[in-house]
Each structure stands twice: as structure tokens, then as C-alpha cells.
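The values are calculated or read from the model by the stated rules, or taken from the named source; none is laboratory data. No experiment lies behind these values; they were computed from the predicted model shown. Every residue, glycine as well, gets a Cβ built from its backbone with ideal geometry; the counts of neighbours run over all protein chains shown.
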Amino acid sequence: MNADAVKPFFIYNTLSRKVEEFVPLHPGVVTYYSCGPTVYLPQHLGNMRSYLFTDTLKRALRLNGYEVRHVMNITDVGHMTSDQDAGEDKIEKTARAEGRSPKEVADYYTELFIHNLEMLRIEKPTVPPGQFCRATEHIPDMIALIQRILDRGYAYVVHSGVYFDVEKWRGPGRMGRLSRQSLEEQFAEQRLEHASDKRSKHDFALWVLNQPGHLMQWDSPWGRGYPGWHIECSAMSMKYLGETLDIHSGGLDHVPIHHENEIAQSESATGKPFVRYFVHNAFLVGMEGAKISKSSGRFPVLADLVAVGIDPIAFRLFCFGAKYRSELAFSLDAVRAAQRNLDYLTEFARGVPDGIAHGADSDWPQPYFERFHEALNNDLNTPQALAVVLDLVGESYRRNDKRIWNTLARMDTVLGVDFEGIRRRAASERLPAEIEALRAQRDEARKKKDFARSDALRNELLARGYEVKDTPAGTVVQRRN
Ligand SMILES: [Zn+2]
């Protein structure tokens, strides 16, 4: 660990409703589980905000010297159209509508999801390295956990399935600890039909039985069936990260039902605290009225932004520019403002020569890094951190001193813009002197309307392997691939 690693890191813990200093269970290592997508639809921009938040938290922890052991799931079975077991399996519903198998649906939307993550430069989970945990690949782990819950007396088996006995898990520090809502409050919004043989309407399914119409089924000690949605997160997180996790994150909508149920399942089975810091991000709002081409009738997705000329990284900066616990209002204008910030940073990065990038920084940027680091450690104050990055670049221009590259590169480990990639690509595009001379001569010829000379110079450039384009800004020359 370097000197930067000793700063305390503060984060808002939904369990305590307080900003707390983060201290991991095991020094130097953070175990982190975040809830992933249910793969039956494209993930909209609001979903992507949640994954960007996870990515930023991981990167900020790493800036503090921690090794982050991060697991994320892919829900490809068991998530019903209601979060409370009612309705139809979301994957199977799409499969029927599209005439495909559930696996084809899950594979297609998983691939689309991963492609979106890559476009946003969101890092993949680290445990297992670079892999997402698919629910359908962890059925034996779920069955084993359900058996433990049954053995401890917190679940029961009836005709329609194995249910968690919520009434038995009532009491101080149990159901409602996270949401601070009574069961009645948590269920107040629900007007759903529940399986008639459940002991209480609050009980939730661990394993569903006797649903012959369901396509995805597995053998279990209780009969053929399939898992409920909540059990996968408990089973997969504990399998890879141990029975007590440092951090568990997800969208605010997961607080009342999904995360309460995860705590109940895990703690009833192990008798140990499941999660030490629960961290939740607020929503992206205002997408209903967003005017983006092709997006009518659904929330906008990343491809909609790309279609109107916005770089996915501009959306990354847009999200970085707001605190994760605040609602963020989506509008195309606001994302375009983020694109202008990105253009400003990109232009700077493109102009940094090798000599400066490979050399030492000046002394004056160091306090900027300190401020950046402090902002992140203060409950992930990303808008403040972004302001520091923009200030640093502005100051570099004012001083006419580009020796800030190492500082900027360290900030970029969290910001995720890839300044070095931008700089390298620009450097490789730079033209050899004699080609640049021909390009300049051609601009001159065109200005004088000397079209014969302009054409001759064009042919000369083509013969040397360069593409020539006429633009309002003059001749643009690029090496042919
Ligand atoms: Zn989950």
C-alpha cells in the first residue's frame, strides 16, 4: 500500500442510516456482492446507472489500496413478474412471446448486457475472474442452502413449494431491519394472489414445486421444480465470498423485499451477520419523457444515445457528475453537457506528447489528487471529484504546463475515461512530417482554387497509402488500414 492508502473511506450504510467509516472484515480485502440483471429485456439507462455506481465504488476502494473481491449474478431463472413470487417467470414469458427457448433468451440478453458494460468501461466481476454467476449454474448451491434453512426450522415444504417462514423470523433485528418497515408496510402495495397453501402471505418461495408448465426444472430433495429469485443471491454470494460480506449493493428498490429476504435466508441458515455495509443507489428519473430516436414506448438504452452521436463514456461522466444517493434527472441536454466535458478532456489528452506522458509530473498537481481522493472517500462524492479533474486540466492550460499526466492517469483509474488510450490513438494518428507538408500544400492549393495542383497532391497522398477527405475544416488525411 502506498501513502494514499491510509485515508479513511466513508460510505452510507443503509443498515444504520448513517455515513460510516468503512473497515473490512479482513485487512486489505473487500468482499463485495452486487445484484445483477434479470436477462429478459435490454437494460435501460437507469439500470446502467446502477452498474456504473458499482464500478465506481469498486474503483474507489481500489484507489484506497484494497483488493476488491466482487461477485455479480445473472438472473436467468426464478424472477417472477412480481418480486414476490406472483405471476410468471420473466425469462419464460419473453421466451414464449419470442418463440425462443429460455436459454436462448438469457444468452441473448446476457451478451447484450456485457456489450453495454464494455461500452461504458465497466469492469467485470473479479470472482470468479471476469465471470458473472448465472443462477442456472448454481442450482446445487441453492438446494444446499435451502436444506440448511429447513434444518434450522425456518422453512417448510407444502404442495406448491418450499417457503421461508417469515412469521418465525419476526422480531427485533430480523425482518424489517434494513427497510425499517413492518411486514404490513412492506406488503401494503401488493395486491396479488398468493399460493393458497402458504402459511402466511408474507412467506416467500425458496423452491417452487408442481408447476408442470414451467420450462426450466431441476430435481431436488423436495421434487422437481425451480428456485425462487431471492435465494440465488444468498447462495452465490456466500459460496464465493464467505458467510459475512463486507459490502452488498443494489438499487434502492431492492431494500424492502429482495434484500430483506436475502438477509432472512442467509442469517437464518448461518446464524451470522450476512452483510456489514448495505449500499444502495438512487434512480435515474425523467426517462419517461426522454425524446431519443427509436425509444418510444420504452426507457432509453445506451444504443439510443449512440444513435444520436453521444459517446457511451459521456453517459459514464453524466452519472459520475451526480451523487449516487441522489436521484438524477435524465435529459438529452444534460448528457450532451457531459459530452462537452468529455470532449474537453479528450482534447487535452490528445495533445499530451510521449515525452511528457513518460516523464515526471510537476509538483503543483499533487494537491489536486488529494482533493480528488478526499471527495471519493467522502461517501463517493463523484461530482466533486469530477470538478477537481476539470479544474486540474484548466489549470494545466493556464500554466501552459502539461506535466500532470501521472496525476490524471491515477484519477482515471476511478473516472474510467481511458486517457492513455485516447492519447496513444491520437499519437498513432499523427502524421509523418512529409505527409503533413503535402496536406498543408493541398489546403493552400484549394484555397487558391488551383484544382489541378490540389488533385495532383491528392493522388500523391493516395499513392503513399493515405486516405484524403475534404472537410469544412480543410483536408483530413488518415493512414489507410
Ligand atoms: Zn440480489
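For this structure, a couple of remarks:
- Some residue of region 73-84 being away from the ligand (no atom under 16 Å from the Cβ) and closer than 28 Å to F204 by Cβ: yes
- Number of the exception - V166 against (1) closer than 17 Å to S268 by Cβ; (2) modelled with pLDDT of 95 or more: (2)
- Within region 230-252, the set of residues being more than 11 Å from the ligand (Cβ to nearest atom), within 19 Å of the chain's Cα centre (by Cα) and in a helix (DSSP H, G or I) comprises L252 only.
- Pairs meeting the criteria (first residue in region 329-346 and under 19 Å from A387 (Cβ atoms), second residue basic (K, R), beta carbons under 8 Å, at least 6 apart or on different chains) are lacking.
- Put simply, of I114, I146 the only residue that is free of Cβ contacts under 8 Å to residues at least 24 places away in the same chain and either under 14 Å from C233 (Cβ atoms) or β-branched (V, I, T) (or both) is I114.
- Considering region 371-407, the residues that are part of a helix (DSSP H, G or I) and free of Cβ contacts under 8 Å to residues at least 24 places away in the same chain include one that is surrounded by the fewest Cβ atoms within 10 Å (Cβ to Cβ), namely R398.
- Residues that are without any contact (Cβ under 8 Å) to a residue 40 or more places away in the chain, within 16 Å of the ligand (Cβ to nearest atom) and within 28 Å of the chain's Cα centre (by Cα) are absent from region 277-290.
- Whether a residue is at pLDDT 90 or above, part of a loop (DSSP other than H, G, I, E, B), assigned by TED's automatic domain parsing to the domain that holds E20 and away from the ligand (no atom under 16 Å from the Cβ) was assessed, and S196 does not pass this test.
- Number of the condition not met by R49 [criteria: (1) away from the ligand (no atom under 15 Å from the Cβ); (2) under 14 Å from the mean Cα position of the chain (by Cα); (3) without any contact (Cβ under 8 Å) to a residue 60 or more places away in the chain]: (3)
- So L342, is it of a type in the set (A, V, I, L, M, F, W, C), under 22 Å from the mean Cα position of the chain (by Cα) and assigned to a loop (DSSP other than H, G, I, E, B): no
- The residues of region 92-106 that are surrounded by 15 or more Cβ atoms within 10 Å (Cβ to Cβ) and touching a residue at least 60 places away in the same chain (Cβ under 8 Å), listed by number, are E92, A95, P102, V105, A106.
- Condition check for A97: of a type outside the set (D, E), modelled with pLDDT under 95 and in contact with a strand residue (DSSP E or B) (Cβ under 9 Å, 6 or more places away or on another chain): no
- Counted residues, region 323-338 - those being crowded, with 20+ Cβ neighbours inside 10 Å and either more than 21 Å from L376 (Cβ to Cβ) or touching a Ser or Thr at 6+ places or on another chain (Cβ under 9 Å) (or both): 3
- Every residue from region 15-24 that is assigned to a strand (DSSP E or B) and either free of Cβ contacts under 8 Å to residues at least 40 places away in the same chain or within 16 Å of the ligand (Cβ to nearest atom) (or both): K18, E21
- Qualifying residues in region 467-481 (those that are among the polar types (S, T, N, Q) and in a strand (DSSP E or B)) - the one modelled with the highest pLDDT: T475
- Yes/no for T126 being of a type in the set (S, T, N, Q) and under 30 Å from T413 (Cβ atoms): yes
- Of residues in region 25-42 being away from the ligand (no atom under 16 Å from the Cβ) and not in a loop (DSSP other than H, G, I, E, B), the one nearest to T94 (Cα to Cα): V30
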